[in-house]
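K.L.:
Please see the structure below; I have some questions.
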Amino acid sequence: MREQPRNNRISSGVIAAVSAAVVAVSSGVAWITWQATNNTQPVNPPKERVSQNNTKPPATTEQTAEIYLLRDTGRNLELVPIPVRVSASKDKPSEFLQAAFNGLLTAKNDGDTSSTIPLGTKVLGVKIENDAVRVNLSEEFTSGGGSASMTGRVGQVLYTATSLNPNAKVYIDVNGKQLDVLGGEGLELDQPLTRDSFAKNYQL
């Protein structure tokens with residue numbers, strides 16, 4: 001009967017020792033964690049990587065341009081706007097008009113409308129400065145046809161060049177030189193040309 005109290009005292013001592021050890025370990029872990037937290041240098045967040053896939057896709061460049069062909073009314077010729085699809089943006093008007101001229105120079109006669117611009121004519125360049133448009137054409141533009149044909153082709157170039165700005169002034173060059181007289185019949189061009197001046201001074 002005397003051994004039982006002794007065993008109880010031993011058990012209580014063991015429990016107390018284990019509890020003290022647990023407290024000590026917990027305190028040590030907490031201290032180590034606090035030290036690690038306070039000794040850690042701040043790290044700058046990584047810069048966001050900009051993916052090339054986030055760039056905006058290019059705007060659709062397929063646009064509708066207007067070229068001008070001629071229609072025979074039975075009494076005279078009239079200039080008629082014809083819509084064509086071109087691969088160019090109106091944000092780049094010089095390129096847009098050059099694409100329109102490429103459409104004009106390859107347009108087919110459809111029985112209702114036609115072109116008097118000689119086959120083989122090429123557009124060598126289109127330049128826009130403020131309210132002026134300068135169109136540079138190849139030598140073929142000056143070949144063949146009578147006065148009606150020449151007046152008609154000048155009108156086609158003028159109206160196509162002013163399709164974006166009807167009030168623009170137009171200069172027509174051939175091989176880089178301003179065209180003052182067109183053809184053997186001597187159609188004089190008082191440049192710059194405008195739609196108003198063409199209507200007053202030339203008759204189709």
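K.L.:
If I ask for residues that are within 21 Å of Thr151 (Cα to Cα), open to solvent by less than 60 Å² (accessible area, probe 1.4 Å), in contact (Cβ under 8 Å) with a residue 40 or more places away in the chain and not aromatic (Phe, Trp, Tyr), which ones from region 60-80 would you list? If you could, list the steps in order and put the result at the bottom.
P.N.:
If we filter region 60-80 for residues that are within 21 Å of Thr151 (Cα to Cα), which is where we start, we get 66-80.
Okay, now just the ones that are also open to solvent by less than 60 Å² (accessible area, probe 1.4 Å), so 67-70, 77, 79-80.
Those left that are additionally in contact (Cβ under 8 Å) with a residue 40 or more places away in the chain: 67-70, 77, 79.
Ile67, Leu69, Leu70, Leu77, Leu79 - these are the residues of region 60-80 that are within 21 Å of Thr151 (Cα to Cα), open to solvent by less than 60 Å² (accessible area, probe 1.4 Å), in contact (Cβ under 8 Å) with a residue 40 or more places away in the chain and not aromatic (Phe, Trp, Tyr).
K.L.:
Let me ask you something else. Evaluate the following for Ser143: is it among the polar types (S, T, N, Q) and touching a Leu at 6+ places or on another chain (Cβ under 8 Å)?
P.N.:
Against the criterion (among the polar types (S, T, N, Q) and touching a Leu at 6+ places or on another chain (Cβ under 8 Å)), Ser143 does not qualify.
K.L.:
Write out, first by first residue and then by second, each pair whose Cβ atoms fall under 8 Å of each other, whose residues are 6+ apart or on separate chains, and whose first residue, in region 186-203, is under 16 Å from Ser149 (Cα atoms) while the second is open to solvent by 40 Å² or more (accessible area, probe 1.4 Å) and β-branched (Val, Ile, Thr).
P.N.:
Leu187/Val181; Glu188/Val181; Leu189/Val181
The values are calculated or read from the model by the stated rules, or taken from the named source; none is laboratory data. Only a predicted model underlies this, so the values are computations on that prediction, with no experimental measurement involved. Virtual Cβ from ideal backbone geometry, glycine too; neighbours counted across all protein chains shown. Areas reflect the complete protein model, heavy atoms only, side chains present, ligands, DNA and RNA absent. Shrake-Rupley method; radii C 1.70, N 1.55, O 1.52, S 1.80 Å.
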